[in-house]
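Visitor: Below are the structure tokens for one structure; questions will follow.
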Amino acid sequence: MHKVFPTNLRRLVHHYPSTSRAAEALGINRQQLSKYLSGLSMPSLATLRNIAAHFELEPDDLLLPAERFAARWRPPMRIKGLPTQMQQVITALLQNTVQTRSILARFCGCYHVCTPLRSNPDRIGRAYTVISQEGDLTLIKTIMYATSQGALVRSRHPIKVNGIAQWLWERIYITDVQNVGHPNARLQSIALYPPALPSTPFLTGMLMTSNNALTRPIYSMPIVFKRLPGRIPQKADLAACGVFSRDDPRLDPEMMALLDAGASPR
């Protein structure tokens, strides 16, 4: 215990700018904390419990072998150099990703995503989206094609969009960005309702964005996610993406019914 505790405690304290700041946060005298870190002293059971609670751990976690402790505790994500108010906003969002990670984990997988086109609502775009997790973040990666599905995949230029998901009050909120720093940059916001029954493969909601035209009108469209079998991307599922006529038989009838039941484009 005397060997592993200082190592684990140093891993925790390392994420503070100084030992003094860590001691202040933990409510421990700085000299006493230094003794804990060096292994010259061990905390009382009450102090051990307080340290563990501060880092949202159990006391026994602090006594795990270093390798197991590293897998048990993930350091908090921090963004430095922001104004205080903005730092509070970012911190709240990051804390929410940690607290709701297990909820979003059940939505991880591969999806076909359909939405009407702003330029022509009688045309439907079908994209391929993967929801995955890395650390405490729930990540979104989407690949879409602006050309007809009938074209050869290798002759079509894929559009790749990356984003992040949040879980707030029984809804999934996705924010993704495209071509940041370029004239045709775009920010998309998607709000999704999970299915009432876990066995239902659809997530439905609304997308809000602007197109890349010079006037850049803001618009919203209904959007539907359909979960695909397995969690490994399949070439056939990607090849099935593109632009379709609304009456194309290759489109999923259930997805189309859900789109038609959504809000009208505006």
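The values are calculated or read from the model by the stated rules, or taken from the named source; none is laboratory data. These numbers were taken from a predicted model, which means no experiment stands behind them. Because the Cβ atoms are built from the backbone with ideal geometry, glycine has one as well, and the counts that use them run over all protein chains shown. What goes into the accessible areas is simple: the full protein's heavy atoms, side chains included, and nothing from ligands, DNA or RNA. Shrake-Rupley method; radii C 1.70, N 1.55, O 1.52, S 1.80 Å.
Visitor: Quick one: net charge of residue 174's neighbours, Cβ under 14 Å, K/R +1, D/E -1?
Guide: Taking every Cβ under 14 Å from that of residue 174, the sum is +2.
Visitor: Where does each of 143, 232, 172 land when they are ordered by accessible area, with a 1.4 Å probe and the largest first?
Guide: Of 143, 232, 172, the descending order of accessible area is 232, 143, 172.
Visitor: Now for a separate question. Extending each Cα 7 Å along its Cβ direction at residue 3 and residue 49, get the distance between those two points in nm, one decimal.
Guide: Placing both labels 7 Å along Cα→Cβ, they lie 2.9 nm apart.
Visitor: OK, next. Longest segment of the chain with no GluC sites (Glu not before Pro) in a DSSP loop having at most 11 other Cβ atoms within 10 Å?
Guide: Result, exposed sites excluded: 57-169.
Visitor: What net charge is computed for the residues neighbouring residue 164, neighbours being all others with C-beta under 14 Å from the C-beta of residue 164, Lys and Arg scored +1, Asp and Glu -1?
Guide: -1
Visitor: Any idea which of 48, 65, 125 is furthest toward the positive side of the dipole for region 11-147, if Lys and Arg beta-carbons carry +1 and Asp and Glu beta-carbons -1?
Guide: Comparing the listed Cα positions along the dipole, 125 ranks first.
Visitor: While we're on this one: On the Cα set of region 17-138, report Rg and Dmax in Å, please.
Guide: Expressed in Å, the Cα Rg and Dmax of region 17-138 come to 21.7, 73.
Visitor: Here's a follow-up. Give me the distance in nm between label points sitting 7 Å out from Cα along the Cα-to-Cβ direction at residue 257 and residue 42, one decimal.
Guide: Taking the two extended label points, one gets 6.5 nm.
Visitor: Under 28 Å between C-alpha atoms is the cut-off here; go through the chain and count lysine pairs that meet it, provided they're at least eight residues apart or on different chains.
Guide: 8
Visitor: List the trypsin sites (Lys or Arg not before Pro) within region 52-113 that fall in a DSSP loop (any state other than H, G, I, E or B) and whose Cβ has at most 13 other Cβ atoms within 10 Å.
Guide: For trypsin sites (Lys or Arg not before Pro) across region 52-113 that sit outside H, G, I, E and B with at most 13 neighbouring Cβ atoms in 10 Å, the list reads 78, 80, 106.
Visitor: Now for a different question. Roughly how many nanometres apart are two label points built 7 Å out from the Cα toward the Cβ at residue 143 and residue 219?
Guide: Result for the modelled spin labels: 2.6 nm.
Visitor: Find the eigenvalues of the gyration tensor of the Cα atoms of the chain, then list the square roots of 5 times those eigenvalues as equivalent ellipsoid semi-axes, largest first, in whole angstrom.
Guide: 47, 20, 16
Visitor: Quick one: net charge of residue 136's neighbours, Cβ under 10 Å, K/R +1, D/E -1?
Guide: Here the count lands on +1.
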